[in-house]
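The values are calculated or read from the model by the stated rules, or taken from the named source; none is laboratory data. For clarity, every value in this text was computed on a predicted model and none was experimentally measured. FYI the Cβ positions are ideal-geometry reconstructions off the backbone, even for glycines, and counts take in every protein chain you see. Only protein heavy atoms, including side chains, enter the accessible area calculation; ligands, DNA and RNA are left aside. Shrake-Rupley method; radii C 1.70, N 1.55, O 1.52, S 1.80 Å.
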Amino acid sequence: MKKFINDPMRVVDEMLEGFLAVNARYARRAAGHPRAIVRADAPVKGKVAVVTGGGSGHKPSFIGYIGKGMLDAVAAGEIFTSPPVPAVLECVRAAHGGKGVLLLLGNYAGDVMNFDMAAELAQEEGIEVQQAIATDDVGAGFQDEPHKRRGVSGEFLIWKCCGAMAERGEPLSEVKRIAEKVNANARTMGVAIAPCTVPAAGKPTFVLAENEMEVGVGHHGEPGVAREALRPVDEIVDMLAEKVVNDLPYRAGDEVLTLINGLGATPLLELYIAQRRLQQGLAGRGIRIGRAFVGEFFTALEMAGFSITLLKIDQELKELIAAPADTPYLVQT
Amino acid sequence: MTDHVTGKALRVLRAICEEVERNKDYLCELDAALGDGDHGISMAKSFHAVALRLDGLGNAPLSEVLQAVGMTLISEVGGAMGPLFGTAFLRAGKVAAGKESLTSSDLAQMLRAAEEGIVQRGKAQPGDKTMLDALHPAVEAAQRAATEGATIRDVLRAAAAASAQGAAATKEMVAKMGRASRLGERTLGHQDAGATSVSIILRVAAETVSAQQT
């Protein structure tokens, strides 16, 4: 293992020290738990608090999107490990501004259990809490069992839209409706050409030969669903887009947001080549692109790979996507 | 008598903490084939926290010891294993409440309660290639042994043997829960890490109690 680290067991704490110092304008630790990271001005009165969290190692997610118009608090776990109950509970307490709390999470066994236990405890304290679980990954199939799908880059879009909705002063039920609407209209699929190494494990999560790629990967360095021969990126984009488009399905005349997300070690140069082909492919299908994101939003340490997300957008979602945000890694005016 | 049963339990728990640490790399290797390869790290961190917590519990009743272990597992590390093993210890602790000594039947009931807690929390069933595939046969074996009048030592031995078989049998299963479920048929031939952890814990419990009684 070759990494710029000190103690593999302390990477998250040391990262947080640096991050919080640089971004003190946006975020701070809540008093009650060192892994409960909240908006600098939390609790913000008169709005629903949008709270998420999960394992670390996904920079800029999750804490990079704490701020006005997106997230109110993030429970930060160990690398790729769900945060424990007290961290989530403290996020809820510290972010709660009197209008309830929406817990957003990816569909991972640990997150589901820890967030559920924290939600129960918060409700016992009299805080209104609702949960919404992202399931946008089509990589592993489960078309008929969406409750088994992972939440991947679509989570970023859910935070953006729910954050904007909450900022307008909408009630908890409405903010939750938007989480479910975004999730229902978003689909993602990923591919990787190199794994990542969890620092404390010290070994790569899988091994690929020079000419191989792993199809259907998530963002924890876990293996995907199939190992295939590496091909020119146009063919890879076509294959991913085909699976994503057919899953919802997205149809001619639809307007979509596209998100090409680098998984940590894929240069923007390659991501824009992928974007070029995605544009061509969607145009050929009569699908219009209303907004496009290209970059790193939800990474898996130094995994080399990318994912394609489509979100079908209507007027309501377009406005929420375009709404202002002021966070360390997404600024829109 | 309180000191007696607590003292025994603390020796068992300390032995478990040490054995989990010794198996850290092995558990990570098993997990790497099916997940993100950190199961051993999570387990070692969790039980390291448990070991530290045990120091202040020498005079506590058994139920309090088990509840403290459960809360530590839930609170300290997170992940999926924290809530699952934590709930198991909390439930076993509830059964032990008010008991100054344990019978074979109490122990079988504690294991049963632990299993029920894990099912409730994790929503898995036997056959899904999870920790339950090591725990469920162990609970059944413990119940049978207790009903037949076996000693605590033999109840634990029966449970340990059944859980070792159960863990090995997960190689033949296709994962239906958790991250591994996304790999489908690719999970065949690999032993589940969570099930292996359960079998390690029960083996150490059986060995420690056997050693204490000889």
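Most mobile of A:R231, A:R291, A:R150 per a Gaussian network model of chain A (Cα springs, under 10 Å)?
A:R231
Which log10 I(q)/I(0) values does chain A give at q = 0.10, 0.14, 0.15 Å⁻¹ under the Debye formula, counting every alpha carbon as one identical point scatterer?
After summing over all Cα pairs, the log10 values are -0.54, -1.08, -1.24.
Under 25 Å Cα-Cα from A:K243, which lysines qualify once same-chain neighbours fewer than 8 residues away are excluded?
A:K148, A:K160, A:K181, A:K312, A:K318, B:K176
Note down the magnitude of the dipole of segment B:148-206 about its Cα centre, charges +1 on Lys and Arg C-beta and -1 on Asp and Glu C-beta and zero elsewhere, to the nearest 20 debye.
Dipole magnitude for segment B:148-206 comes out near 240 debye.
At a Cα cut-off below 20 Å, give the aspartates and glutamates reachable from A:K47, other chains included and same-chain residues fewer than 8 away excluded.
Result set, ordered by chain and number: A:D72, A:E90, A:E125, A:E128, A:E167, A:E170, A:E174, A:E180, A:E316, A:E319, A:D326.
Got the relative contact order for chain A handy, in percent, Cα pairs under 8 Å and 6 or more residues apart?
18 percent
Between A:L282, A:L301, A:L208, find the one with the highest GNM mean-square fluctuation for chain A; connect C-alpha pairs within less than 10 Å.
Sorting by GNM fluctuation, first place goes to A:L208.
In segment B:51-81, which residues become less accessible by 30 Å² or more once every protein chain is in place, relative to the chain on its own, using a 1.4 Å probe?
Buried-area filter returns B:I74, B:S75, B:V77, B:G79, B:A80.
Counting DSSP beta bridges in segment A:186-314, what percent are antiparallel, to the nearest 5?
75 percent
What relative contact order, as a whole-number percentage, does segment A:186-314 give when Cα pairs under 8 Å and 6 or more residues apart are counted?
Relative contact order comes out at 35 percent.
Can you tell which of A:Y65, A:Y26, A:Y272 shows the greatest fluctuation in a Gaussian network model of chain A with Cα springs below 10 Å?
Result: A:Y272 has the largest fluctuation of those listed.
Dipole magnitude of segment B:2-213 about its Cα centre, charges +1 at Lys/Arg Cβ and -1 at Asp/Glu Cβ only, in debye to the nearest 20?
Magnitude of the dipole: close to 240 debye.
Tally up the carbon and sulfur contribution to the accessible surface of segment B:2-213 as a whole percent, 1.4 Å probe, everything protein left in place.
Looking at segment B:2-213 in its full context, I get 52 percent from C and S.
Return the Rg/Rh value of segment B:104-197, two decimal places, where both radii are evaluated on C-alpha atoms and Rh is the Kirkwood radius.
1.03
Pop out a list of residues from segment B:10-40 that are at least 50 Å² less accessible with all the protein chains around than in their chain alone; 1.4 Å probe, no ligands or nucleic acids counted.
Listed by number, the residues meeting the 50 Å² cut-off are B:D36.
Which of the trypsin sites (Lys or Arg not before Pro) across segment A:1-101 are loop residues per DSSP, with 10 or fewer other Cβ within 10 Å?
A:K2, A:K45
Roughly speaking, to the nearest percent, how much of segment A:117-211's 1.4 Å accessible area is carbon and sulfur?
49 percent
Which loop-located trypsin sites (Lys or Arg not before Pro) does segment B:87-165 contain, where loop means any DSSP state but H, G, I, E or B and the Cβ has at most 16 other Cβ atoms within 10 Å?
B:K99, B:K123
About its Cα centre, how strong a charge dipole does the protein assembly as shown have in debye, to the nearest 20, once Lys and Arg get +1 and Asp and Glu get -1 at the Cβ?
540 debye
Leaving out ligands and nucleic acids, and using a 1.4 Å probe, what accessible area per residue does the protein assembly as shown come to in Å²?
On a per-residue basis, 38 Å².
Among the lysines, which have Cα under 19 Å from the Cα of B:K45 when same-chain residues fewer than 8 positions away are ignored?
Here the lysines satisfying the reach criterion relative to B:K45 are A:K203, B:K24.
Based on a Kirkwood Rh over C-alpha pairs, give the Stokes-Einstein translational diffusion coefficient of segment B:1-144 at 37 °C and viscosity 0.692 mPa s in µm²/s.
Rounded, D is 211 µm²/s.
If you wrap a convex hull around the C-alpha atoms of segment A:186-314 and split its volume per residue, what is the figure in Å³?
Expressed per residue, the convex hull around the Cα atoms of segment A:186-314 is 95 Å³.
Give the interface area between chains B and A as buried accessible surface, both sides summed, probe 1.4 Å, in Å² to the nearest 100.
Approximately 2400 Å² gets buried when B meets A.
Could you check what % of the DSSP bridge pairs in the protein assembly as shown are antiparallel, to the nearest 5?
Expressed as a percentage, antiparallel bridges in the protein assembly as shown total about 55.
Please name which of A:G262, A:A322, A:G190 has its Cα lying farthest along the dipole of chain A towards the positive end, using unit charges on Cβ (Lys, Arg +1; Asp, Glu -1) and the Cα centre as origin.
A:A322
Are there GluC sites (Glu not before Pro) in segment B:109-200 that DSSP marks as loop and that have at most 11 other Cβ atoms within 10 Å, and which are they?
Of the GluC sites (Glu not before Pro), the ones in loops of segment B:109-200 whose Cβ has at most 11 other Cβ atoms within 10 Å are B:E148.
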